[in-house]
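Readers should treat all values here as calculations from the given coordinates under stated rules, not as data from a laboratory. Values in this document were obtained by computation on a predicted structure and should not be read as measured data. Because the Cβ atoms are built from the backbone with ideal geometry, glycine has one as well, and the counts that use them run over all protein chains shown.
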Amino acid sequence: MHKGKIKKLVRERGFGFISDTDGNEVFFHQSSLIDVKFEALSEEQAVEFEVEKSPKGPRAINVKVVAA
């Protein structure tokens, strides 16, 4: 599992970006969240996630909120 923080949320479109511990930015979609609703997320919130390859680049999946 990778660790990072939510960098940006695009609420009207249901996606956002996570900044991982190495400083890389990873896309995520609200359908990739586990045990949390997209509306409950906030920027700078700590998360764990897995990364998969997609046609547009790396994408975070199985995103979970964790204690900072």
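Take 28-36, 50-58 and order them by the average number of nearby Cβ atoms within 10 Å per residue, most first; the result is 28-36, 50-58. This model, with +1 at the C-beta of Lys and Arg and -1 at the C-beta of Asp and Glu, gives the chain a dipole about its Cα centre of some 180 debye. The largest-to-smallest principal axis extents of the Cα set in segment 17-68 are 28, 23, 15 Å. Within 13 Å, Cβ to Cβ, of Ile61, how many net charges do the neighbouring residues add up to if Lys/Arg are +1 and Asp/Glu are -1? Around Ile61, the surrounding residues sum to 0.
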